[in-house]
Amino acid sequence: MKKCAIFAGGDVPEKSTERLLKRLKETDLVICADCGYNHAKRLGVVPNIIVGDFDSYTEELPSGIEILQSVPDKDDTDTLMAVKHAIELGYSNIDLYGGLGGSRFEHSFANIQTMIYAYQQGCTLNMYGDSDLTIQGADDGEVVYRNRDNGIYLSVFALSESLGIDYFRGVKYPLEDYCMVQSFPIGVSNEITEGKARLRINNGLALIIITDK
């Protein structure tokens, strides 16, 4: 499965650089969304494509790289524009860096909505920052989440109005045959008690957030 990496303009923590560069070795295409190009430059990564209206990145654009420029007054965010272009090019496995943090929280929320859009197109979009975010649905079957050396917080939130959980096992607060609702964050900050946790969903969409302890 071809993999695409996208750099957006939010935070790309220094502590995650080693893990990020390791993932990039398995990446076939790199797209920068507007000022996400600053992160690529800092990391010494040469993108294949840069997209955006360039209201945030105001320096001279590099030569020899495909530039897709839009107008500022548009429906899509620069990040959504990058995701749509990756999907058009046949990429169904996308890693997003710089999708969280920054000075404008609305873009973090918009990027979670972009994750939903990608999932609805049959794609996997994982977002990496201080936390790792992914979406899980009923069609994914049982998904295994592995612990890390210093432990993690494993949070599950209902993105849909309700979320049917067959089981959530191997965690401090397990769930069996449970209906999680959007308005109650019961799934926040769970912990893996064994080497791995298992989650199976029968209805709805879940936002999974993994944060190192």
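Using a Förster distance of 30 angstrom, determine the FRET efficiency expected from the C-beta separation of Glu59 and Ser92, and round it to 0.05.
In this case the efficiency is close to 0.40.
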Self-check item: Estimated inter-spin distance, Asp212 and Lys172, nm [label 7 Å along Cα→Cβ]
Solution: 1.9
Self-check item: FRET efficiency, 1/(1 + (r/R0)^6) with R0 30 Å, evaluated for Thr124 and Leu21 via beta carbons
Solution: 0.90
Quiz item: Thinking of the range 75-124 as a set of Cα atoms, what percent of all their pairs are more than 16 Å apart?
Solution: 34
Quiz item: Any idea what log10 I(q)/I(0) is at q = 0.11, 0.13, 0.14, 0.18 Å⁻¹ for the chain, Debye with uniform C-alpha scatterers and no solvent?
Solution: -0.54, -0.74, -0.85, -1.28
Exercise. Whole number in Å², please: accessible area per residue of the range 83-191, 1.4 Å probe, ligands, DNA and RNA not counted.
Key: 50
Quiz item: Using helices alone, what [θ] at 222 nm do you get for the chain, with -39,500 (n - 2.57) per DSSP H run of 4 or more residues, divided over all residues and rounded to the nearest 500?
Solution: -6000 deg cm²/dmol
Quiz item: Does anyone have the angle between helix 105-120 and the longest principal axis of the chain? Alpha-carbon axes, 0 to 90°, nearest 10?
Solution: 70
Quiz prompt | Separation of the Ile186 and Asn203 label points, Cα + 7 Å toward Cβ, nm | solution = 1.5
Quiz item: Of the residues Leu175, Leu89, Leu29, which exhibits the maximal mean-square fluctuation in a Gaussian network model of the chain defined by a 10 Å Cα contact cut-off?
Solution: Leu89
Quiz item: Expressed as a whole percentage, what fraction of the accessible surface of the range 146-213 belongs to carbon and sulfur atoms when a 1.4 Å probe is rolled over the protein heavy atoms?
Solution: 46
Exercise. Within the set of other residues whose C-beta is less than 12 Å from the C-beta of Lys213, count the net charge using Lys and Arg as +1 and Asp and Glu as -1.
Key: -2
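Rounded to the nearest 20 Debye, what is the dipole magnitude of the range 1-85 about its Cα centre when Lys and Arg each give +1 and Asp and Glu each give -1 at the C-beta?
660
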Practice problem: Might you work out the accessible area of Arg19 for me, using a 1.4 Å probe with all protein chains in place, and round it to the nearest 10 Å²? | Solution: 100
Quiz item: Which residue, Asp34, Asp140, Asp75, has the most motion in a Gaussian network model of the chain that connects Cα atoms within less than 10 Å?
Solution: Asp75
Quiz item: Among Asp53, Asp11, Asp149, whose mean-square fluctuation peaks in a Gaussian network model of the chain (Cα, cutoff 10 Å)?
Solution: Asp149
Exercise. Would you mind pulling out the separation of the Cα centroids of the range 21-81 and the range 137-168, in Å?
Key: 31
Quiz prompt | Estimated FRET transfer efficiency (Asp73, Asp149; beta-carbon r; R0 35 Å; 0.05) | solution = 0.15
Exercise. Among Gly195, Phe184, Gln136, flag the residue with its Cα farthest along the positive direction of the charge dipole of the chain, charges on Cβ as +1 for Lys/Arg and -1 for Asp/Glu.
Key: Gly195
Quiz prompt | Heavy-atom SASA rank of His107, His85 (probe 1.4 Å, accessible area, largest first) | solution = His107, His85
Quiz item: Residue by residue through the range 187-193, which ³J(HN,Hα) values in whole Hz follow from phi under the Karplus form 6.51 cos²θ - 1.76 cosθ + 1.60 (θ = phi - 60°), with glycine and proline marked x?
Solution: x, 6, 6, 6, 9, 7, 9
Exercise. Report, to the nearest 10°, how far helix 78-88 tilts away from the longest principal axis of the Cα atoms in the chain, using its own Cα long axis and a range of 0 to 90°.
Key: 80
Quiz item: Under a plain spin-label model, where a point goes 7 Å from the Cα along Cα-to-Cβ, how far apart in nm are Arg42 and Ala110?
Solution: 2.0
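The values are calculated or read from the model by the stated rules, or taken from the named source; none is laboratory data. Only a predicted model underlies this, so the values are computations on that prediction, with no experimental measurement involved. Please note: Cβ atoms are built from the backbone with ideal geometry, for glycine as well, and neighbour counts cover all protein chains shown. Ligands, DNA and RNA are excluded from the accessible area calculation, which covers all protein heavy atoms including side chains. Shrake-Rupley method; radii C 1.70, N 1.55, O 1.52, S 1.80 Å.
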